[in-house]
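A.B. asks: Here it is: the structure, laid out below.
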Amino acid sequence: MSPRREPRILVAGVGNAWLRDDGFGGEVARRLEQRRLPEGVAVMDAGTGGLDLAYEVMRGYDALVILDVSRQGGEPGTLYVMEVPEESVEGKIDDGEAINPHSMDPQTVLRFVRSIGAWPGKVVVIACEPADVEEMGFGLSAEVGSAVERAVEVVLETAGDLRVSATLEPAE
């Protein structure tokens, strides 16, 4: 009998650091890179490189955690944890459909990954309510900046839960 393999979890920060709070995902990813992470957990700052993120997911992960901003109507700095069931990602990518690799938002990345059959076992979005994503500028608002360390802890807890819940085939 082969030993159980460690689950592979990708944590990806997305967003444009030049649009103030939209840089939240990248900042959380950078802080995570400075921490000792559990076995099998990889972190990347995908920025606005959605195609890079899609290609990385296609390498074969058991779970994906996306770090982003999301307007849900809460106070700026509020964190949200949302699971994305595969069947909720609508709209397949048809043969010949043009995809702009410079503007692949997380939804398009997930559509692309789903359409080629590379869906990671579970997808979780950890998002922060932004205060400012319309103005060009570098640096997070005070409210979102104060949520970054809490988000790091939520990511680590979520990754731990995903490692435990992942059902994996034994390594060959």
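A.B. asks: Looking at segment 100-119, which of its residues are open to solvent by less than 60 Å² (accessible area, probe 1.4 Å), at pLDDT 65 or above and closer than 22 Å to residue 13 by Cβ?
C.D. replies: Initially, segment 100-119 is screened for residues open to solvent by less than 60 Å² (accessible area, probe 1.4 Å), giving 101, 104, 106, 108-113, 115, 118-119.
Within this subset, residues satisfying the condition of being at pLDDT 65 or above are 104, 106, 108-113, 115, 118-119.
Passing the criteria: 104, 106, 108, 109, 110, 111, 112, 113, 118, 119.
A.B. asks: Going residue by residue through segment 130-138, is there one that turns out to be within 18 Å of the chain's Cα centre (by Cα), open to solvent by less than 40 Å² (accessible area, probe 1.4 Å) and modelled with pLDDT of 95 or more?
C.D. replies: So far as segment 130-138 goes, yes, one or more of its residues are within 18 Å of the chain's Cα centre (by Cα), open to solvent by less than 40 Å² (accessible area, probe 1.4 Å) and modelled with pLDDT of 95 or more.
A.B. asks: Residue by residue through segment 12-31, note down the ones that are in contact with a helix residue (DSSP H, G or I) (Cβ under 6 Å, 6 or more places away or on another chain) and among the hydrophobic types (A, V, I, L, M, F, W, C).
C.D. replies: Here is the first cut: in segment 12-31, the residues in contact with a helix residue (DSSP H, G or I) (Cβ under 6 Å, 6 or more places away or on another chain) are 12-17, 21, 24, 27-28, 31.
Passing the criteria: 12, 14, 17, 24, 28.
A.B. asks: Right, another one. Test residue 15 against the stated conditions and say whether it is out of contact with any strand residue (DSSP E or B) (no Cβ under 7 Å at 6 or more places or on another chain) and under 18 Å from residue 147 (Cβ atoms). Quick ask: steps written out before the conclusion?
C.D. replies: Numbers: out of contact with any strand residue (DSSP E or B) (no Cβ under 7 Å at 6 or more places or on another chain): no; under 18 Å from residue 147 (Cβ atoms): yes.
The answer is no for residue 15.
A.B. asks: Report whether or not residue 149 is exposed (fewer than 14 other Cβ atoms within 10 Å of the Cβ), within 16 Å of residue 25 (Cβ to Cβ), of a type in the set (D, E, K, R) and at pLDDT 95 or above. Steps first, answer last, please.
C.D. replies: Working: exposed (fewer than 14 other Cβ atoms within 10 Å of the Cβ): yes; within 16 Å of residue 25 (Cβ to Cβ): yes; of a type in the set (D, E, K, R): yes; at pLDDT 95 or above: yes.
Spelling it out, residue 149 is indeed exposed (fewer than 14 other Cβ atoms within 10 Å of the Cβ), within 16 Å of residue 25 (Cβ to Cβ), of a type in the set (D, E, K, R) and at pLDDT 95 or above.
A.B. asks: Any idea which residue in segment 152-172 is farthest from residue 83 (Cα to Cα), counting only those that are among the acidic types (Asp, Glu) and either modelled with pLDDT under 95 or open to solvent by less than 30 Å² (accessible area, probe 1.4 Å) (or both)? Full working, then the answer.
C.D. replies: We begin by selecting, within segment 152-172, every residue among the acidic types (Asp, Glu); these are 153, 157, 161, 169, 172.
Pick out the ones that are also either modelled with pLDDT under 95 or open to solvent by less than 30 Å² (accessible area, probe 1.4 Å) (or both) and you get 161, 169, 172.
Details: 161: 13, 169: 23, 172: 30 Å.
Out of the qualifying residues, it is 172.
The values are calculated or read from the model by the stated rules, or taken from the named source; none is laboratory data. None of these values were measured; they are calculated from a predicted model. Cβ sites come from the backbone with ideal geometry, for glycine too, and all protein chains shown count toward neighbours. What goes into the accessible areas is simple: the full protein's heavy atoms, side chains included, and nothing from ligands, DNA or RNA. Shrake-Rupley method; radii C 1.70, N 1.55, O 1.52, S 1.80 Å.
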